[in-house]
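The values are calculated or read from the model by the stated rules, or taken from the named source; none is laboratory data. Note that the structure is predicted; figures quoted are calculated from it, not measured. A quick note on method: Cβ atoms are made from the backbone with ideal geometry, for glycine too, and the neighbour counts reach across all protein chains shown.
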Amino acid sequence: MSGALRESGDAEVREALQRALSETRGAPAEIAELTRRPFAYETSFAIDELDVRLAGGERLALVVKDVGAAGLSAEAAATKPADTLDPDREISVYRDLLDSRRLGTPRFHGAVADPGQNRRWIFLERVEGEVLTDVGEIGGWCEAAAWAARLSGAVAGDSDTLLHRDAEWHRRWVDAAVSALGGDPLAARLRERRAQLVERLCALPSAFVHGELYPANVLVAREGGSTRIAPVDWELAGTGPYALDLAALLSGWNRDDREAMCRSFHQSLPRTTPFGELLAAVELCELSLALQWIGWSPGWVAPEAQRRDWSGEASRLLGAVLP
């Protein structure tokens, strides 16, 4: 019997969900009805939608995500750095760090981890909302920026599975970008400024970060006049510069809208930080992310939603942060 979600029948998914719910709730859970279908959006990992009715009549709208190696798409498996892949990270983040914080993230309904069957499935609330990419008004983006600021004060990065964006992490991505750039003049500038850049990044206050808070990973649900910001895909969650998630949200916006998002983030920070310092931190974090995109994997092309002239961005930002 394979643990891969795509190769598993509905009966196997039902049994796994029943186990997960029983463990999470601390009482036996019996599933009376389960309907399963492929998730509407393409992701790096296999995901199905589940409509569930429990024996007592309670209904659940869920997704099941295969966060193990068996659930990873062939393209993602070929491009994601092996040491960033930890199938227990996302499970741990939802279960141990997010679920009790009332942050609006999808509710954790349990997980099954059977390494012998190559099965690591996580069951989450299915949030019905728009992807932030499709939200046209700047207000929704400002709310997402404010949410990113609150995250750093609400969650302590204390899980053994988290990624830590320390000096070694930053040096790694500078070196990866230099290698990918080859004879580009930017490579020589990065080699020359490597130590200064890493020092500047490490000097920024550290916080718990999503790590990939790009608009495609943020759901926005509106109901009764309130807005719920529900980021998903916590595969690279960990610690890092406090403005990293804000930097991921900002790409592509004009100056006035960027400033509005930065002010929303600044007003929601749990610490007192001069606004000018935040803007400088954002530029450093944008440069860090640009170098990561450049050096991610040889021959790899970013998804269309994240496709930019990253070398041009990195060159501009390097000149701004280390003139």
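Points worth noting:
- Leu213 in contact (Cβ under 8 Å) with a residue 60 or more places away in the chain, assigned to a loop (DSSP other than H, G, I, E, B) and of a type in the set (A, V, I, L, M): yes
- Number of residues in the range 1-46 that are of a type in the set (Lys, Arg) and closer than 20 Å to Pro87 by Cβ: the value is 2.
- Qualifying residue in the range 246-253 (condition: over 17 Å from the mean Cα position of the chain (by Cα) and either not assigned by TED's automatic domain parsing to the domain that holds Arg308 or not β-branched (Val, Ile, Thr) (or both)): yes
- Residues of the range 1-27 that turn out to be surrounded by fewer than 15 Cβ atoms within 10 Å (Cβ to Cβ), among the hydroxyl-bearing types (Ser, Thr, Tyr) and either at pLDDT below 90 or not assigned by TED's automatic domain parsing to the domain that holds Leu50 (or both), as a count: 1
- On inspection, Ala46 passes the criterion of being free of Cβ contacts under 8 Å to residues at least 60 places away in the same chain, surrounded by 19 or more Cβ atoms within 10 Å (Cβ to Cβ) and either touching a Lys or Arg at 6+ places or on another chain (Cβ under 6 Å) or assigned by TED's automatic domain parsing to the domain that holds Val220 (or both).
- Scanning the range 56-99 for residues that are of a type in the set (Lys, Arg) and outside any helix (DSSP H, G or I) yields Arg59, Lys65, Lys80.
- Selection status of Val178, among the hydrophobic types (A, V, I, L, M, F, W, C), in a helix (DSSP H, G or I), assigned by TED's automatic domain parsing to the domain that holds Val198 and closer than 30 Å to His266 by Cα: no
- Here the range 250-272 is the region considered, the condition is being outside any helix (DSSP H, G or I) and buried (at least 16 other Cβ atoms within 10 Å of the Cβ), and the residue that is modelled with the highest pLDDT is Leu269.
- Here Asp96 does not qualify as of a type outside the set (S, T, N, Q), surrounded by fewer than 17 Cβ atoms within 10 Å (Cβ to Cβ), in contact (Cβ under 8 Å) with a residue 60 or more places away in the chain and closer than 15 Å to Ala16 by Cα.
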